[in-house]
1. Can you tell me which residues in the range 373-385 are open to solvent by 40 Å² or more (accessible area, probe 1.4 Å) and out of contact with any helix residue (DSSP H, G or I) (no Cβ under 6 Å at 6 or more places or on another chain)?
2. Output the qualifying pairs, or none if there are none: Cβ atoms under 6 angstrom, residues six or more apart or on different chains, first residue in the range 373-392 and closer than 18 Å to residue 322 by Cβ and in contact (Cβ under 8 Å) with a residue 24 or more places away in the chain, second residue open to solvent by 10 Å² or more (accessible area, probe 1.4 Å) and of a type in the set (Lys, Arg).
3. More than 31 Å from the chain's Cα centre (by Cα) and at pLDDT below 95: which single residue out of 839, 796 fits that description?
4. Only one of 491, 409, 448, 405 is free of Cβ contacts under 8 Å to residues at least 24 places away in the same chain and open to solvent by 50 Å² or more (accessible area, probe 1.4 Å); which?
5. Show the residue pairs meeting these rules: Cβ distance below 7 Å; 6+ apart or different chains; first residue within the range 104-117 and without any contact (Cβ under 8 Å) to a residue 24 or more places away in the chain; second residue part of a helix (DSSP H, G or I) and of a type in the set (Lys, Arg).
6. For the range 98-138, give me the residue count where each residue is of a type in the set (A, V, I, L, M), over 27 Å from the mean Cα position of the chain (by Cα) and within 19 Å of residue 243 (Cα to Cα).
7. Looking only at the range 636-695, how many residues end up being open to solvent by less than 60 Å² (accessible area, probe 1.4 Å), in a helix (DSSP H, G or I) and acidic (Asp, Glu)?
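The values are calculated or read from the model by the stated rules, or taken from the named source; none is laboratory data. The shown structure was predicted, so the numbers you read here are calculated from the model rather than taken from an experiment. Note that we place each Cβ from the backbone using ideal geometry, even for glycine, and neighbour counts take in every protein chain shown. Calculation scope for accessible area: heavy atoms of the full protein, side chains included, ligands and nucleic acids excluded. Shrake-Rupley method; radii C 1.70, N 1.55, O 1.52, S 1.80 Å.
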Amino acid sequence: MRKNVKLLRTIHIHLALVIIGLVFLAQITIAQKKITSPQEFFGFELGTDRKIARWDKIVDYFKVLEKETNKLKVINMGQSTMGHPFLLVIISSPENLANLDRLREVNARISNPRGIPDNEIKKLGIEGKAVICQSMSLHATEIGGTQMTPELTYDLVTRNDEETQRILNNVVFFLMPSFNPDGQIMVTDWYRKTVGTEFEGSSLPWLYHKYAGHDNNRDGDFINLAESVYAAKIMFRDWVPQAYIDHHQMGSYGARFYVPPYCEPIRPYADPLIWREHSWYGAHIAYKLEEAGKAGILNAAQYPGWGHFGWHWITPFHNIAGMLTESASTRLATPLFIHPEQLRGGSRQFPDYEAQSTFPNPWPGGWWRLRDIVEQKKISAWALLDLAARNKETVLWNAYLKAKRQTDRGAQGKPKAYVIPVAQHDSLTALKMVNTLLLSGIEIRQARKEFTVGGLTYPKGSYLISLAQPKMGLIRNLLGQTHYADNKWTRDKDGSPLRPYDLATHTMNEFMGVRVDPINEAVSGDFQTLTGQTRVSGKVTTGGSGFVLDGRLNESFKAVNLLFDKKISVQRIDNAVSGLCPGAFIVSGGPESVLKNVAEQTGVHFKALESKPREGTHKGKRRRVGMYQRYYGGNMDEGWTRLVLEKFSFPYTSLMDAEIKKGNLVKKYDVIILPSDSTGMITGDIPPDSRYGRRISEIPPEYRSGIGKEGVEALKAVVEKGGTLVTLGEACSFAIEKFELSVRDTVDDLSSTEFFCPGSTLKATFDNNHPLAYGMPSEGLVLFRSSMAFVITPGQHNEDYETVVRYIDSDILQSGWLIGEEHLSKKAAMVSAKHGKGQVVLIGFRTQHRCQTHGTFKLLFNTLIR
């Protein structure tokens, strides 16, 4: 018996040795197998003048590499907005790739070390690998990053030197070769169409993202876009890298390459190690670029540490050293000659194009090519990997320190937590906010029972967000009242304020109209931690004379649109009666299966109506909507508005210049929307010294936009015959001028020292008895950004003008930065003006900004459903 056991053991050992040998031979075979170079695959060196590799071919190349080497893994995260593959390429040693599940577990414990002793973290730091993420060409006309990635990847999987092997052994590299596949294809196809013509190198006429255009780098907080969902999954939940670079391009006539760190000011609540890491990584990147003989490298200037909440600026608050590079641009793949006297400084902490400590080697001018950008990007991307590989255990230890210290700050500071009460003006929007925060990896707990804190009792179902967690800084910025820095870094020498890089606040709850209570003491109670997205299915309660839908819910408008799609009629309540608020929807009936399906989709309850009001209601009508869409690179506000309408199931038609000029619009449209835009961009009367005026000859004639005088008359005809013109933001100026409205913008032509309000939330009152403000609270917040405040000037028909939204009298600022509030005090923010048989609606603030300001969506929706 013992001999048999011994024999079996011997056989098992031999079999194991054979298997190990086969695996070893397989690895040698793979290693010795010829790996296709980018030049062989694409037929040219990437970065070659007038050549761009298209995304579909780049995808094919990564698939070829995956078959030829065991040092990378290609993951298709899903479809982009327009149906193209969004790739994640993981590059590391074969051993690391085979052990990804364990490395992910180690990384997760380091990133969220609550309850883990220091000595255990030290062991995890030895076992773990530095996780580094880099993304390319988020802005699709900034083509160099994506063009560089095949070369970077090829070098990593083919080089056998000590430096490369250290990177593969010590780093797990997450590469997003294109953050915007749709735009990459659009730009490539456009360039190929125009190359060799007089319009070679010209800008794409439309948005290079279906909805967002350049604003796809403003979606790291609300995560509205498909590509954002994938990036958030990779970086905010699944892995949380220690460092991240988003590779971009900038204007052509300054420094050749910006690298970290950022300059002043910095946004509060990040761990100090973040800012030190920026300097550390940035110095190594700059050093390697100088070592390679690259001139014109700038750091610690131009891009401030307080920016928008796109990807490289929001990641520091996830305890990721989120960074940015910016290459000087060519004309897509067409080289550009630059004279020395054309080079300039003039940006933050880079006053002149002269040598300084952060710009020691100015580029002298000459030809600038796409290949220059590809080489810069590759050196910088490699340098980040190199430094992390050389200091793997330090990188991981500091990741632990950032998480632990932020958790401690949250526990010791004030507020200690935020509570989102279950009772809200719009409970479904509050739930939407909770789900958005979960996408960012924020820990949220829900009360199983009511609890009391700070003298307030919160009911079961309320949400608690403790600040004693690693993402404390992110939570403070998203949910806490924010005041933008007002100091020497944010004002010019003459005292004029310097415009923030985008908005002055990104307070999510204020944008969404959700009540969030800061809590300054410890909270105890019975809570459960949310482990995934929370979904509410609406219920249909039968037994009445119909159903009522709450008009305060944004989702009720979606529900009504779905009912209209099924030919089910709806009424709206005009007067408060029997506990029903103005704007509530009444549904008399319909197939039960349809009602249940709509309730389930939207979360809206169809509550039984005891008895129908005999008066004070009107038949609801979904109006036929057209929205102006122009060229000249497209209009981001128009793109975001399309997304809002689609998310809430509003049908609409995009109106181009030709259709508007043709006239007779009233036969097809009840409402025309003009997204925020200047009068000149709408009409086509573009000043010669403006951005597009100077470059008009570079734009093919068929893409030179403007509705012209004919279009203005066509829009007037729509309104005069009973239609509605809705103007958003800056487009209100068009309506005031062309329709000769008795309205004046009180902040127009004021200097920045007299009035300044760059992307801030302001307090206002809403006339929720007015049909355009049905469903709104009586008081709330609006987002002011390049916005207007109105005074109705005296005239013969004052009665034709109604103020729907008005700024309060004092203490107007909630979050952001406001200079000169007296110019807003008691001024109108939204005005309705009768014109002929129709109506012009002026919404001076950003009612649907980037699909983020849910708290004011209804002001737009009410113009579309009456």
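1. Result: 375, single match.
2. 383/288
3. Numbers: 839 fails: at pLDDT below 95.
Step by step, each of 839, 796 is checked, and only 796 is more than 31 Å from the chain's Cα centre (by Cα) and at pLDDT below 95.
4. Values: 409 fails: free of Cβ contacts under 8 Å to residues at least 24 places away in the same chain; 448 fails: free of Cβ contacts under 8 Å to residues at least 24 places away in the same chain; 405 fails: free of Cβ contacts under 8 Å to residues at least 24 places away in the same chain.
Matching residue, one of 491, 409, 448, 405: 491.
5. 116/109
6. First, the residues of the range 98-138 that are of a type in the set (A, V, I, L, M): 98, 100, 103, 106, 108, 110, 116, 121, 124, 126, 130-132, 136, 138.
Those left that are additionally over 27 Å from the mean Cα position of the chain (by Cα): 98, 100, 103, 106, 110, 116, 121, 124, 126.
Subset that is within 19 Å of residue 243 (Cα to Cα): 100, 103, 106, 110, 121, 124, 126.
Total satisfying the criteria: 7.
7. 4
Table: residues versus (1) among the charged types (D, E, K, R); (2) open to solvent by 10 Å² or more (accessible area, probe 1.4 Å); (3) at positive phi.
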site	(1), (2), (3)
725	no, no, no
736	no, yes, no
753	no, yes, no
767	yes, yes, no
